[in-house]
């Protein structure tokens, strides 16, 4: 599933799962500001999907009528999402139903706010670095922060998927992160199905060579699946501060080859179409050859008897 705007795009795949429990939203606000949200549902196929969609729908609806974008608007949208998921858990009579949620509102210059609960993450990509802006609300992240576990150990820990904060049956308060960029950048929001399987070097390479936001998010998601990701994978990218996407050299070469083939085909077509008229014109313009004068044959010599 893919949605895109001029400066932003999102892409989601169920990956190797039977159903996609992820959801995302992109909202263009006044003054060139952008809002985006990514959610990763929990609680089983149908319940997780219902929770993530409820959160994202409420987030989008709250911002559709916003005339500007700032922390107050993001706070209202996040609160609307929290309330929607609480109501959904009651409808489903399931206290295990829930979802992560990360939302952002940012202006074209790259100033804004991020609110998140869970292990969906925000990553900032510039020409010089790839920087994680959020810390996961998970058991292993908290243990690593306390120095009780290494990142390598976290990959195989029995509680590696345990979330310590998420939207569910009980209202939750998000963690806030301010966004201020000093150079052109791309802000990426992604579920753990992407960030756990795509390293910084791959993220940097994709950001550097992608032809646009839609190309970048598609490549991030597909790279996560190729790298062995076994979860749903979703990513949103927003270009900030005048970031310019670069077309890969292979695409430029492919375009040059196509143009060359088209030029050759056009030349051949012109030659075939105008070949006969040109030949006829050449015959018409060619000067006539002088008439040949034939001398009478001499009389035959008399035969001797």
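Does residue 168 meet the test of being surrounded by 13 or more Cβ atoms within 10 Å (Cβ to Cβ), more than 27 Å from the chain's Cα centre (by Cα) and either modelled with pLDDT of 85 or more or assigned by TED's automatic domain parsing to the domain that holds residue 138 (or both)?
Working: surrounded by 13 or more Cβ atoms within 10 Å (Cβ to Cβ): yes; more than 27 Å from the chain's Cα centre (by Cα): yes; either modelled with pLDDT of 85 or more or assigned by TED's automatic domain parsing to the domain that holds residue 138 (or both): yes.
Yes.
Return the residues of segment 194-205 that are out of contact with any helix residue (DSSP H, G or I) (no Cβ under 6 Å at 6 or more places or on another chain) and crowded, with 19+ Cβ neighbours inside 10 Å; say none if nothing qualifies. Outline the logic, then answer.
In the first step, residues of segment 194-205 are kept if they are out of contact with any helix residue (DSSP H, G or I) (no Cβ under 6 Å at 6 or more places or on another chain); the result is 195-196, 199-201, 203-205.
Within segment 194-205, 195, 196, 203 meet the criteria.
Does segment 4-21 include one or more residues that are farther than 16 Å from residue 115 by Cα, assigned to a helix (DSSP H, G or I) and at pLDDT below 95?
First pass over segment 4-21, keeping only residues farther than 16 Å from residue 115 by Cα: 4-21.
Filter once more, so that each one left must be assigned to a helix (DSSP H, G or I): none.
Checked against the condition, which is being farther than 16 Å from residue 115 by Cα, assigned to a helix (DSSP H, G or I) and at pLDDT below 95, segment 4-21 yields no hits at all.
Which one is nearest to the chain's Cα centre (by Cα), of the residues in segment 177-188 that are under 18 Å from residue 70 (Cα atoms) and surrounded by 14 or more Cβ atoms within 10 Å (Cβ to Cβ)? Don't jump to the end; show me each part of the working.
Residues of segment 177-188 under 18 Å from residue 70 (Cα atoms): 177-181, 187.
Those still in the list that are surrounded by 14 or more Cβ atoms within 10 Å (Cβ to Cβ) too: 177, 179, 181, 187.
Details: 177: 23, 179: 21, 181: 21, 187: 11 Å.
Across segment 177-188, the extreme among qualifying residues is 187.
Hey, can you tell me all the residues within segment 182-195 that are over 20 Å from residue 80 (Cβ atoms) and at pLDDT 90 or above? Break it down into steps so the answer makes sense when it comes.
Filtering segment 182-195 for residues over 20 Å from residue 80 (Cβ atoms) gives 182-188, 190-195.
Selection gives 183, 184, 185, 186, 187, 188, 190, 191, 192, 193, 194, 195.
Just a yes or no: is a residue in segment 138-151 within 17 Å of residue 238 (Cβ to Cβ), surrounded by fewer than 18 Cβ atoms within 10 Å (Cβ to Cβ), assigned by TED's automatic domain parsing to the domain that holds residue 68 and touching a helix residue (DSSP H, G or I) at 6+ places or on another chain (Cβ under 8 Å)?
Here is the first cut: in segment 138-151, the residues within 17 Å of residue 238 (Cβ to Cβ) are none.
For segment 138-151, residues within 17 Å of residue 238 (Cβ to Cβ), surrounded by fewer than 18 Cβ atoms within 10 Å (Cβ to Cβ), assigned by TED's automatic domain parsing to the domain that holds residue 68 and touching a helix residue (DSSP H, G or I) at 6+ places or on another chain (Cβ under 8 Å): absent.
Name every residue in segment 6-25 that is surrounded by fewer than 16 Cβ atoms within 10 Å (Cβ to Cβ) and touching a strand residue (DSSP E or B) at 6+ places or on another chain (Cβ under 9 Å), in order of residue number.
Matches in segment 6-25: 6 only.
Might you let me know whether segment 26-37 holds any residue that is closer than 27 Å to residue 222 by Cβ and surrounded by fewer than 17 Cβ atoms within 10 Å (Cβ to Cβ)? Steps first, please.
The first filter runs over segment 26-37 and keeps only residues closer than 27 Å to residue 222 by Cβ, leaving 26-28, 34-37.
Still in the list and also surrounded by fewer than 17 Cβ atoms within 10 Å (Cβ to Cβ): 28.
There is at least one residue in segment 26-37 that is closer than 27 Å to residue 222 by Cβ and surrounded by fewer than 17 Cβ atoms within 10 Å (Cβ to Cβ).
Quick one: in segment 206-229, which of the residues that are more than 23 Å from residue 116 (Cβ to Cβ) and in contact with a helix residue (DSSP H, G or I) (Cβ under 9 Å, 6 or more places away or on another chain) is surrounded by the most Cβ atoms within 10 Å (Cβ to Cβ)?
In this case the residue turns out to be 210.
Can you tell me which residues in segment 69-106 are surrounded by fewer than 19 Cβ atoms within 10 Å (Cβ to Cβ), at pLDDT below 90 and within 21 Å of residue 236 (Cα to Cα)?
70
With 54, 58, 8, 87 as the choices, which residue is in contact with a helix residue (DSSP H, G or I) (Cβ under 8 Å, 6 or more places away or on another chain) and under 29 Å from residue 241 (Cβ atoms)?
On the way: 54 fails: under 29 Å from residue 241 (Cβ atoms); 58 fails: under 29 Å from residue 241 (Cβ atoms); 87 fails: under 29 Å from residue 241 (Cβ atoms).
Going through 54, 58, 8, 87 in turn, just one is in contact with a helix residue (DSSP H, G or I) (Cβ under 8 Å, 6 or more places away or on another chain) and under 29 Å from residue 241 (Cβ atoms): 8.
The values are calculated or read from the model by the stated rules, or taken from the named source; none is laboratory data. These numbers come from a predicted model, not from an experiment. Because the Cβ atoms are built from the backbone with ideal geometry, glycine has one as well, and the counts that use them run over all protein chains shown.
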